[in-house]
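Structure first, then comments.
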Amino acid sequence: MSESPTLCPRPLPDDEVINQAVLRRLVDAYGHAVDRRDYALLRTLYHDDGIDDHSPYFVGAASDYIDWLPSMMANWSATSHVMLSTLFLIDGDQAEGIVNARAWHLTTDHKREFIAWGRYADRYERRDGAWRFAHRFFVLDSIEDRSVGAVDDFGSTGVAIGAAGADDPTYGRLHMFAADRAARET
């Protein structure tokens, strides 16, 4: 009989360490996909029957969430979804995770920032050897909503400025990332 998943300290078998790293990569890829508007990548992160719950804005099939997301993201000129601490419990091909996150949003007129602090309560499944989201639920803990005033650029003239989509400067500097994205867009 196997042990029940627990957060209590214990020796971790190598396969559990690997699975936790794979799950962390999955949740980090989610933030990247949303911020870079890489909806093709985002689609690969959910199982075909996956559910996304960003109540009250969207609740339903992950494929419908991804179809809806561009219209919602059109309200923001830039976003940054940062996955902070993660906890995973794994039981065979099933896993659950609590992912603390910060989601920063800048309005298209650059006059307002909205920052959501919260947690994703995720259920994952490993099918055909790959972990993906089976159900993603966002829990809002706190928000900051503030005006953006004149900002001293601290001498940043000439610094590469991020872009939401495929025009982001990282794709010009990181050729493997650019090729990976281009492969999904064809």
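Structure above, values below:
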item	result
Single condition Leu7 does not satisfy, out of (1) surrounded by fewer than 17 Cβ atoms within 10 Å (Cβ to Cβ); (2) modelled with pLDDT of 95 or more; (3) within 22 Å of Gly118 (Cα to Cα)	(2)
Test for Val159: is it β-branched (Val, Ile, Thr), in contact with a strand residue (DSSP E or B) (Cβ under 7 Å, 6 or more places away or on another chain) and either at negative phi or touching a residue at least 12 places away in the same chain (Cβ under 8 Å) (or both)	no
Candidate set: the range 84-131, residues that are touching an Asp or Glu at 6+ places or on another chain (Cβ under 6 Å) and closer than 22 Å to Arg146 by Cα; chosen: the one surrounded by the most Cβ atoms within 10 Å (Cβ to Cβ)	Leu106
Qualifying positions in the range 43-81 - among the acidic types (Asp, Glu), surrounded by 17 or more Cβ atoms within 10 Å (Cβ to Cβ) and closer than 25 Å to Ala166 by Cα	Asp52
Strands (runs of 3 or more DSSP E) (entirely within the range 1-112) containing at least 3 residues that are under 23 Å from Asp180 (Cβ atoms)	46-54, 76-91
Selected residue (only one of Asp91, Asp122 is of a type in the set (D, E, K, R), touching a residue at least 60 places away in the same chain (Cβ under 8 Å), within 24 Å of Asn19 (Cβ to Cβ) and touching a Gly at 6+ places or on another chain (Cβ under 9 Å))	Asp122
Any hit, the range 65-85, residues being more than 22 Å from Leu41 (Cβ to Cβ), touching a Pro at 6+ places or on another chain (Cβ under 6 Å) and not basic (Lys, Arg)	no
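The values are calculated or read from the model by the stated rules, or taken from the named source; none is laboratory data. Predicted model only: the values in this text are computed from it and were never measured. Because the Cβ atoms are built from the backbone with ideal geometry, glycine has one as well, and the counts that use them run over all protein chains shown.
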